[in-house]
1. Applying the selection to the range 36-71, what residues are under 14 Å from A21 (Cα atoms) and of a type in the set (A, V, I, L, M, F, W, C)?
2. Consider only pairs whose beta carbons are under 8 Å apart and that are at least six residues apart or on different chains; among these, list those whose first residue lies in the range 1-24 and is within 14 Å of T38 (Cβ to Cβ) and whose second residue is among the aromatic types (F, W, Y) and outside any strand (DSSP E or B).
3. Search the range 20-50 for residues being hydroxyl-bearing (S, T, Y) and at pLDDT below 95, and hand back the single one that is nearest to I81 (Cα to Cα).
4. Out of everything in the range 39-52 that is without any contact (Cβ under 8 Å) to a residue 40 or more places away in the chain and surrounded by fewer than 22 Cβ atoms within 10 Å (Cβ to Cβ), what residue ends up being nearest to the chain's Cα centre (by Cα)?
5. Does any residue of the range 67-86 turn out to be at pLDDT below 95 and polar (S, T, N, Q)?
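The values are calculated or read from the model by the stated rules, or taken from the named source; none is laboratory data. What you see is a predicted model; the values in this text were computed from it and never measured. No Cβ is skipped: glycine too gets one built from the backbone with ideal geometry, and neighbour counts run over all protein chains shown.
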Amino acid sequence: MTVEHDEQGHRFYIRLPDGEAELVYGEFGDGILDLQHTEVPPSARGSGAGDALVRAALAYARAQEQKVIATCPYVQRWLKIHAEERP
């Protein structure tokens, strides 16, 4: 699964046979990345696409030396399970 980054569209996405999985984010001027919304086509749920999107977003935040907040419920749950991954 290849995660691509659309910086202008403020999203990470994966091209899938039934559409795109995406994680949409917002950036604040004070070094904060807000992970706002994750969407995965129903046929790809449980495939690891959501996990891959979150991991890519966190890697980006680390590289940019940004802190992360999550307004997306999926990302909030993911961060509770993988607290050690948070930048």
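1. Correct list: V40, A44, A49, A52, L53, V54, A56, A57.
2. Between residues of the range 1-24 that are within 14 Å of T38 (Cβ to Cβ) and residues that are among the aromatic types (F, W, Y) and outside any strand (DSSP E or B), the close pairs are F12/Y60.
3. We begin by selecting, within the range 20-50, every residue hydroxyl-bearing (S, T, Y); these are 25, 38, 43, 47.
Retained after the next criterion (residues that are at pLDDT below 95): 43, 47.
Working: S43: 24, S47: 17 Å.
Top of the filtered list is S47.
4. To start, the set of residues in the range 39-52 that are without any contact (Cβ under 8 Å) to a residue 40 or more places away in the chain comprises 39-46, 50-51.
Going one step further and asking which of them are surrounded by fewer than 22 Cβ atoms within 10 Å (Cβ to Cβ), we end up with 39, 41-46, 51.
Values: E39: 10, P41: 15, P42: 17, S43: 19, A44: 16, R45: 15, G46: 15, D51: 8 Å.
Looking at the filtered set, the residue picked out is D51.
5. Scanning the range 67-86, I find no residue that is at pLDDT below 95 and polar (S, T, N, Q), so the answer is no.
Yes/no matrix, rows are residues, columns are (1) more than 21 Å from G9 (Cβ to Cβ); (2) β-branched (V, I, T); (3) exposed (fewer than 15 other Cβ atoms within 10 Å of the Cβ):
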position: L33; (1), (2), (3): no, no, no
position: H37; (1), (2), (3): no, no, no
position: A57; (1), (2), (3): no, no, no
position: W78; (1), (2), (3): yes, no, no
position: A83; (1), (2), (3): yes, no, yes
